[in-house]
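Take a look at the structure below.
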Amino acid sequence: MTTSNAAISEKLRIPDEIAQTVFSPKAYGDDDDIHTALGWLRENIPLGLSEVPGYDPIWIVTKNADIRTVSKNAKLFPSSIFNPILNDQAGDEFVRQTNDGKNHSLESLTFMDPPEHTKWRNLTASYFQPGNIAKLSEKIRVMARESVDRLLSFDGECDFAKDFALLYPLRVVMTLIGVPPEDEPTMLRLTQDFYGGADPEEQRAEVIEDPIAAAKQWHATLQDFYRYFDTLTEERRRKPQDDLVSLIANATIDGKPVPYDIANGYYVALAAAGHDTTSSTTGGGFYGLLKFPGEFEKFKADPSGLAANFVEEAIRWACPVKHFLRSTSEEVEVSGVTMPANARLFLSYPSGCRDEEVFDHPHDFIVDRRPNNHVGFGFGPHVCLGLSLARLELKILFEELIPCLKSIELAGPPKRMEANFLSGIKSLPIRFKKA
Ligand code: HEM
């Protein structure tokens with residue numbers, strides 16, 4: 001439990017209905033609902049305390065600058081003390097029960113603090129360096145061309161999210177991890193299940209109507225991931241290849257092989273974080289072009305010149321990662337607000353990405369927005385490990401796609417995943433004409 005917040009000024013208390021919206025998976029199924037609540041917070045209580053029944057007291061951080069302040073100081077704002085992913089108290093209790101009393105369910109970077117975090121991040125840091133990732137350009141471009149050809153074969157009408165945005169990032173990240181193409185459907189199902197436990201359409205039969213469906217489905221999916229990766233690890237130990245499973249499975253740290261739970265934590269983080277984020281950005285960015293048709297025309301006039309800017313704007317506007325939590329290791333002040341030790345903090349990345357103090361017309365999709373100081377990749381020591389890969393694969397994809405399209409339009413209402421951690425558009429019916 002967190003320490004008492006009794007002495008907190010009334011001015012810092014967030015109304016329950018606003019905090020409930022920010023925590024509610026359903027609210028992320030509707031862009032207007034969530035951004036209305038986050039905009040209200042930025043204007044009225046940019047850093048305040050929520051005391052929603054059923055949840056621990058949690059401070060909600062909505063300003064771009066405050067998210068950066070908290071994220072860059074892992075000593076004052078650690079990730080490993082409490083679960084850095086939001087659950088209600090019943091969900092957190094389930095995590096402890098199923099993980100020998102620990103507050104987290106897998107041994108991955110997200111749940112660690114330095115020096116442990118630094119040690120394990122360094123294991124793959126050089127692989128994910130921009131220079132090394134750039135060497136993959138040609139391989140990735142071949143995958144992008146194949147995906148664009150597939151989209152064009154739909155002859156003018158398709159579901160951009162299901163038929164396109166979900167599949168290309170899957171192929172890229174699974175190829176780098178070492179998952180063979182025939183196992184991609186399994187991985188697609190698992191990555192969708194992993195984050196989709198609160199969405200009635202994505203729930204497995206055994207968690208339907210369960211009040212802690214998201215925590216239970218996360219746990220069950222993890223066991224499926226582990227079973228899959230155990231076999232792959234054995235194969236790569238016997239016969240290493242040029243992929244990430246081979247790198248991790250055969251590495252030695254402090255003279256010892258990488259422990260089983262850390263290796264598995266890595267694989268799951270790379271597979272899940274590396275797929276759903278990038279596919280949500282692909283669908284979300286394309287929706288930005290549909291909603292702001294002038295931006296599509298602008299992009300079409302200079303696809304290679306604007307692709308890198310488009311990618312940053314897509315990440316800012318779609319912002320697939322909705323939060324991470326941190327806690328306080330001692331009493332600490334941020335932007336004039338004093339929080340006690342052991343307070344929990346909810347970093348709202350979609351809010352930081354639409355902060356009017358940082359962005360003009362923050363709700364508009366502007367393909368050539370510069371500068372673009374979004375926090376969609378987080379910030380500080382935990383900043384997205386795969387950001388160079390994400391940037392490169394998205395840039396290449398849209399460099400290939402945009403010149404092939406003459407016109408695009410919505411052919412039906414888009415549908416978003418109802419999830420408060422990682423979510424995006426899951427259905428985007430479109431009509432298009434080829435260039
Ligand atoms: C557009 C795509 C992506 C977005 C928006 C995104 C966003 C994020 C965010 C917000 C964080 C947390 C940062 C923080 O706590 O400060 C993160 C961490 C992470 N991401 Fe990404 N990500 C993307 C793609 C990828 C890819 C392609 C990979 C790898 C294949 C990846 C692997 C990771 C890992 C391993 C972490 C944990 C890093 C740590 O805790 O040290 N991500 N990402």
Open item on the list: Within segment 14-79, what whole-number % of the accessible surface is contributed by carbon and sulfur, with the 1.4 Å probe and all protein chains included in the calculation?
Closed with: 50
Open item on the list: For the chain, what does the accessible surface come to per residue with a 1.4 Å probe? Please give it in Å².
Closed with: 41
Open item on the list: So if I place +1 on the C-beta of Lys and Arg and -1 on the C-beta of Asp and Glu, and nothing else carries charge, what would the dipole magnitude of the chain be about its Cα centre? I want it in debye, nearest 20.
Closed with: 1200
- [ ] Can you give me the span-like helices of the chain, meaning DSSP H runs with 18 Å or more of Cα extent along the axis and Kyte-Doolittle mean at or above -1.0?
- [x] 31-44, 137-152, 274-291, 303-318, 387-401
Open item on the list: Students often forget the sequence filter, so: which aspartates and glutamates lie under 16 Å Cα-Cα from Lys415 once same-chain residues fewer than 8 apart are removed?
Closed with: Asp30, Asp31, Asp32, Asp33, Asp159, Asp163, Asp199, Glu201, Glu202, Asp276
- [ ] Can you give me the P(r) profile for segment 1-126? Cα pairs, bins 10 angstrom wide beginning at 0, each as a whole percent.
- [x] 11, 34, 37, 16, 1
Task: Area of His361 that stays accessible when all protein chains are in place (1.4 Å probe, Å², to 10) - done: 120
Task: Rg to Rh, two decimals, where segment 175-270 supplies the alpha carbon set and Rh follows Kirkwood - done: 1.05
Open item on the list: Straight-line reach only, C-alpha to C-alpha below 20 angstrom: list the lysines that Lys135 could link to, leaving out same-chain residues fewer than 8 apart.
Closed with: Lys395
- [ ] Please compute P(r) over all alpha-carbon pairs of segment 306-435, binned at 5 Å starting from zero, and give each bin as a whole-number percent.
- [x] 2, 9, 13, 18, 20, 16, 9, 5, 3, 2, 2, 0
TODO: Please report the base-10 log of the normalised intensity I(q)/I(0) for the chain, using a Debye sum with one equal scatterer per alpha carbon and no solvent, at each q in 0.09, 0.13 (1/Å).
DONE: -0.55, -1.20
Task: In segment 188-269, the GluC sites (Glu not before Pro) that fall in loop regions by DSSP, at most 10 other Cβ within 10 Å - done: Glu209
Task: Euclidean distance between Cα centres, segment 7-37 to segment 85-151, Å - done: 27
Open item on the list: Taking the Cα centroid of segment 186-244 and of segment 386-435, what is the distance between the two, rounded to the nearest whole Å?
Closed with: 24
- [ ] Provide Rg over Rh for segment 95-251; use the alpha carbon set for both Rg and the Kirkwood Rh (inverse mean inverse pair distance).
- [x] 1.00
Task: Most to least accessible of Ser24, Ser327 (protein chains only, probe 1.4 Å) - done: Ser24, Ser327
- [ ] Determine the order of Tyr287, Tyr168 by accessible area, beginning with the largest, at a probe radius of 1.4 Å.
- [x] Tyr287, Tyr168
Open item on the list: How high is the relative contact order of segment 10-434? Use alpha-carbon pairs under 8 Å, at least six apart in sequence, and give a whole percent.
Closed with: 26
Task: Charge context of Asp242, other residues only, Cβ under 12 angstrom, K/R +1, D/E -1 - done: +3
- [ ] Could you pull the accessible area for Trp59 with a 1.4 Å probe, rounded to 10 Å²?
- [x] 0
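The values are calculated or read from the model by the stated rules, or taken from the named source; none is laboratory data. The shown structure was predicted, so the numbers you read here are calculated from the model rather than taken from an experiment. Quick reminder, even Gly has a Cβ in these numbers, built from the backbone with ideal geometry, and neighbours come from all protein chains shown. Remember, those area values only see protein heavy atoms, side chains included, never the ligands or the DNA or RNA. Shrake-Rupley method; radii C 1.70, N 1.55, O 1.52, S 1.80 Å.
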